[in-house]
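A.B. asks: Just passing along the structure, written as structure tokens.
The values are calculated or read from the model by the stated rules, or taken from the named source; none is laboratory data. The structure presented is a predicted model; accordingly, all values stated were derived computationally and were not measured. Virtual Cβ from ideal backbone geometry, glycine too; neighbours counted across all protein chains shown.
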Amino acid sequence: MILLPEFTPIDEVVESSTFEWNEEPSIVEWTLEKLNTTQMRITIKQYKDGIKELNGQELHEQVLSEICEIREFIIHLVASLDMIISKYGLVGYRENWSRGDFPIGRYLKLKHYSLHGTPLHVDVLNENEWNEYSKTNLEYELEILKNLLKD
């Protein structure tokens, strides 16, 4: 979630993000806008036949424009990601979804946040040294994935 500093480097955090989902033959455009520290607005527009503009006029149907709690949105997003991983697996995801890798690191951060309401702990080792690096608890991360098999 590039709207939240808990998941994104501070210099990459934005107040609004827009992305498109190609749903042949239409295009669905999502806009996520952070309103404050706990709420966001979700706006979804659908462009029929993939045409966004004609003669200077935007051609869309507004499907949704709602305010929701950010944590609630993350919980529902993670539930959908859980179903995707369970259905396809990590390698199967790549084979099915345009050869793109599943965003496992971001998923683990969101999953932890959905469970605990706090950012995933990241240790910084050798801080301020030439060989500084970040480290997370691999055992905990694998446990999150293993728990998908129990559900």
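A.B. asks: Of the residues TYR140, TYR133, only one is aromatic (Phe, Trp, Tyr), out of contact with any Gly (no Cβ under 9 Å at 6 or more places or on another chain) and loosely packed, with under 12 Cβ neighbours inside 10 Å; which? Full working, then the answer.
C.D. replies: Working: TYR140 fails: loosely packed, with under 12 Cβ neighbours inside 10 Å.
On inspection, the qualifying residue turns out to be TYR133.
A.B. asks: Consider LEU81 against the criteria (1) under 14 Å from the mean Cα position of the chain (by Cα); (2) more than 30 Å from LEU138 (Cα to Cα); (3) not aromatic (Phe, Trp, Tyr): it satisfies all of them except one. Which criterion is unmet?
C.D. replies: Unmet for LEU81, out of (1) under 14 Å from the mean Cα position of the chain (by Cα); (2) more than 30 Å from LEU138 (Cα to Cα); (3) not aromatic (Phe, Trp, Tyr): (2).
A.B. asks: Between residues in segment 31-52 that are part of a strand (DSSP E or B) and residues that are of a type in the set (Phe, Trp, Tyr), which pairs lie under 6 Å by C-beta distance while being six or more apart or on different chains?
C.D. replies: Sorted first by the residue in segment 31-52, then by its partner, the pairs are ILE44/TRP30.
A.B. asks: With the structure loaded, tell me whether GLN62 is surrounded by 15 or more Cβ atoms within 10 Å (Cβ to Cβ) and either part of a strand (DSSP E or B) or among the β-branched types (Val, Ile, Thr) (or both) or whether it fails that test.
C.D. replies: Against the criterion (surrounded by 15 or more Cβ atoms within 10 Å (Cβ to Cβ) and either part of a strand (DSSP E or B) or among the β-branched types (Val, Ile, Thr) (or both)), GLN62 does not qualify.
Residue by residue, here is whether (1) modelled with pLDDT of 90 or more; (2) more than 15 Å from the chain's Cα centre (by Cα); (3) surrounded by 11 or more Cβ atoms within 10 Å (Cβ to Cβ) holds:
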site: LEU4; (1), (2), (3): no, no, yes
site: ILE10; (1), (2), (3): no, yes, no
site: TRP21; (1), (2), (3): no, no, yes
site: GLU24; (1), (2), (3): no, yes, no
site: GLU33; (1), (2), (3): yes, no, yes
site: ASN36; (1), (2), (3): yes, yes, no
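A.B. asks: Out of the residues in segment 38-59 meeting the condition of being at pLDDT 90 or above, farther than 20 Å from GLU23 by Cα and among the polar types (S, T, N, Q), tell me which one is surrounded by the fewest Cβ atoms within 10 Å (Cβ to Cβ).
C.D. replies: THR38
A.B. asks: Let me ask you something else. Scan segment 60-84 residue by residue and report those that are over 17 Å from TRP30 (Cβ atoms) and either modelled with pLDDT under 90 or touching a Gly at 6+ places or on another chain (Cβ under 9 Å) (or both).
C.D. replies: Of everything in segment 60-84, just one residue is over 17 Å from TRP30 (Cβ atoms) and either modelled with pLDDT under 90 or touching a Gly at 6+ places or on another chain (Cβ under 9 Å) (or both), namely ARG71.
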